[in-house]
Amino acid sequence: MTTKTNILDRLSRLNLFIGAAMTAVTADDYAAADDLIYDARRDIAAIEDLIEIGDQEDSEHGCKWVFEDEDSGWQTHCGKLWAFIEGGPADNGVTYCHGCGKPVVVVIPAKSEEASA
């Protein structure tokens, strides 16, 4: 399971805990709500850990930039499109992505068989 999917699952569970805790009416309900709040706090701590792990994984790999012929620009992993008048990112001194701030990782796509034939 990816970090993002794991975070979303935990947030969904946390939302259920909050909904259940808000319906407390009797003393027993309040005791159960305390248990739910404890579980919610534990999930919040787990979510914070997952976010930190995700940030570390992302920062290790940087933002991948791929040149797209049809767009005549560089498509970034973070969803931006950048174009240069001349050259590419390295030729223009770009070392960090302008969209997300991560280090730029230029990806050279493998040549297709049609292009090499």
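Points worth noting:
- Ascending count of other beta-carbon atoms within 10 Å, so fewest first, for Val104, Val25, Val66: Val25, Val66, Val104
- Computed magnitude of the charge dipole of segment 62-109 (debye, nearest 20; Cβ of K, R +1, Cβ of D, E -1): 340
Throughout, read-outs are computed from the coordinates displayed, never taken from laboratory work. Quick caveat: nothing in here was measured; it's all calculated off a predicted structure. Cβ atoms come from the backbone with ideal geometry, glycine included; neighbour counts cover every protein chain shown.
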